[in-house]
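*Asks:* Before I ask anything, here is the structure I am working with.
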Amino acid sequence: MMTFCDTHTHLYDPEAYGFPDGCADAVRRAVSSGVSTLILPDCSSAQREMMFSLAGMFPDVCHPCIGLHPTEFTAGNWKDELDKVLELSGRKDIVAIGEIGMDLYWSKELLEEQKEVFERQLVLAEETSLPVIIHNREATAPILEILRRHKGLRGVFHAYSGSIETWREISSLGDWFIGVGGVLTFKKASIAETVKNIPLSRILLETDSPYLTPVPHRGERNESAYIPLIAQRLCELTGVPVEEIAAQTTQNARNLFAL
């Protein structure tokens, strides 16, 4: 069986994410599908203990991160939420700082707070020598502006939807990958053309479970077990054998997250 990594999955909250049969069973289904490594991005203190609990149940499969997501804080609590992230920086099981970044899709009211939270977490990544997982939604310009002040970082742009030109600028700033997921299987998805021009050595597979479910399961809850569907679509788009995609993207993930 081919071996895959899901480099972005939120399996750890059964109530919020609709896993009535238990998160553990979702992990087991992933492993049975050849997905032997799961990266668990952190979003806020609200679900952090569940994330660490799931990672503790499957320490050889699930690898936790720490980070404050740009839509998971308010004007009144962002400092406290950020402090809680910083307090965890010494944990030995952490493989990345993320999911961090900026999101201007829903609102621009906290633009300055988002910038500060993002940049302080980039500094944390520099101090800990950990990679970062970046969330970018309609915030490419301010994110790149900040990254130019932190050249040399390594990480992944989660759910990448940018142009090849944007990718070239990103890649000039450090050791960067793009994360591709279920959107790759959607009709008229712009990323389907972009990935043809990005080296496989710079691509990671992800689900963003329980969101962005790939075809033919679109409309259902996403699972890490669906990673092979994304790999197969990447094979169809690039002409690279799926076995090579599995091997290269898995090695990419292991290199980035030091697994």
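*Asks:* Once phi is turned into θ = phi - 60°, what whole-Hz ³J(HN,Hα) does the Karplus curve with 6.51, -1.76 and 1.60 give for every residue of the stretch 194-199, x standing for Gly and Pro?
*Replies:* Working through the residues one at a time gives 4, 5, 5, 10, 10, x Hz.
*Asks:* Structure shown: which of LYS108/LYS151; LYS84/LYS196; LYS79/LYS188; LYS84/LYS188; LYS79/LYS187 lie over 29 Å apart, alpha-carbon to alpha-carbon? Before the final figure, lay out the partial values.
*Replies:* Working: LYS108/LYS151 26 Å; LYS84/LYS196 40 Å; LYS79/LYS188 40 Å; LYS84/LYS188 41 Å; LYS79/LYS187 41 Å.
Pairs exceeding the cut-off: LYS84/LYS196; LYS79/LYS188; LYS84/LYS188; LYS79/LYS187.
*Asks:* Around ARG154, which amide H atoms from residues at least 5 apart in sequence, or from another chain, sit under 5 Å from its own amide H, with H modelled in the peptide plane?
*Replies:* Those lying under 5 Å, H to H, from ARG154 are VAL132, ASP175.
*Asks:* Which of these, ALA75, ALA139, ALA26, has the largest mean-square fluctuation under a Gaussian network model of the chain (Cα springs below 10 Å)?
*Replies:* Taking springs between Cα atoms under 10 Å, the residue moving most is ALA75.
*Asks:* Extent of the stretch 25-144 along each principal axis, from alpha carbon coordinates, in Å, largest to smallest?
*Replies:* Taking the Cα atoms of the stretch 25-144, the three principal extents are 43, 28, 25 Å.
*Asks:* Mean shadow of the chain, computed from the convex hull of its alpha carbons, in nm²?
*Replies:* Values: hull surface 50.4 nm².
For the chain, averaging the hull's shadow over all directions gives 12.6 nm².
*Asks:* When the chain is treated as a GNM, springs tying every alpha-carbon pair under 10 Å, which of ASN222, ASN77, ASN136 comes out with the largest mean-square fluctuation?
*Replies:* ASN77
*Asks:* With label points built 7 Å along Cα→Cβ from the Cα atoms of GLU87 and GLU112, find their separation and express it in nm.
*Replies:* 2.7
*Asks:* Given the Cα-Cα distance of LYS187 and ARG28 and 0.36 nm per residue of separation, how much length would full extension add, in nm? Don't jump to the answer; show the numbers that get you there.
*Replies:* Values: separation 159, 0.36 × 159 = 57.24 nm, distance 3.00 nm.
Net length gain for the segment: 54.2 nm.
*Asks:* Right, here's the next one. Roughly speaking, what is the centre-to-centre gap between the stretch 18-80 and the stretch 202-235 when only Cα atoms are used, to the nearest Å?
*Replies:* Cα centres, the stretch 18-80 to the stretch 202-235: 17 Å.
*Asks:* If you average 1/r over every pair of different alpha-carbon atoms in the stretch 128-221 and take one over that average, what Kirkwood value in Å do you get? It would help to have the intermediate numbers written out before the result.
*Replies:* Details: mean 1/r = 0.0716 Å⁻¹.
Its Kirkwood hydrodynamic radius stands at 14.0 Å.
*Asks:* Scan around SER36 for amide H atoms under 5 Å from its own, H built in the peptide plane at 1.01 Å from N, and keep only partners 5 or more places away or cross-chain.
*Replies:* Amide H to amide H, under 5 Å and 5 or more residues apart or across chains, SER36 pairs with PHE4.
*Asks:* Now for a different question. Tell me, in nm to one decimal, what length is gained between ASN77 and GLU169 on full extension, where the rule is 0.36 nm per residue of separation less the Cα-Cα distance?
*Replies:* On the way: separation 92, 0.36 × 92 = 33.12 nm, distance 3.34 nm.
Extra length available between ASN77 and GLU169 comes to 29.8 nm.
*Asks:* Percent relative contact order of the chain, based on C-alpha pairs within less than 8 angstrom and at least six residues apart? Mind showing how you got there, number by number?
*Replies:* On the way: 501 pairs, mean separation 53.7, N = 259.
Relative CO of the chain lands at 21 percent.
*Asks:* How many nm is it between the label spots at GLN232 and ARG137, if each spot is 7 Å from the Cα in line with the beta carbon?
*Replies:* Inter-label distance under the simple model: 2.9 nm.
*Asks:* So between ASN255 and LYS196, what do we pick up on full extension, going 0.36 nm a residue minus the alpha carbon distance?
*Replies:* Values: separation 59, 0.36 × 59 = 21.24 nm, distance 2.22 nm.
Between ASN255 and LYS196, full extension yields 19.0 nm more.
*Asks:* Here's a follow-up. Residue by residue, what Karplus-based ³J(HN,Hα) values in Hz, rounded to whole numbers, does the stretch 100-112 have, using 6.51, -1.76 and 1.60 with θ = phi - 60° and x for Gly and Pro?
*Replies:* Ordered by residue, 3J(HN,Hα) equals 10, x, 9, 9, 10, 6, 7, 6, 10, 5, 9, 4, 5 Hz.
*Asks:* Using modelled amide H (1.01 Å from N, peptide plane; none on Pro or chain starts), what sits under 5 Å from the amide H of ASP42, excluding residues fewer than 5 places away?
*Replies:* CYS65, ILE66, GLY67, GLY98, GLU99
*Asks:* Net charge around SER209, counting only other residues with Cβ within less than 10 Å of its Cβ (Lys, Arg = +1; Asp, Glu = -1)? Kindly include the intermediate steps, with their values, before the conclusion.
*Replies:* On the way: positive: ARG221; negative: ASP6, GLU206, ASP208, GLU223.
Combined, the nearby Lys, Arg, Asp and Glu give -3.
Every read-out reported here was derived from the displayed coordinates using simple, explicitly stated rules and does not represent laboratory data. For clarity, every value in this text was computed on a predicted model and none was experimentally measured. Neighbour counts are summed over all protein chains in view; Cβ atoms, including those assigned to glycine, are modelled from backbone coordinates with ideal geometry.
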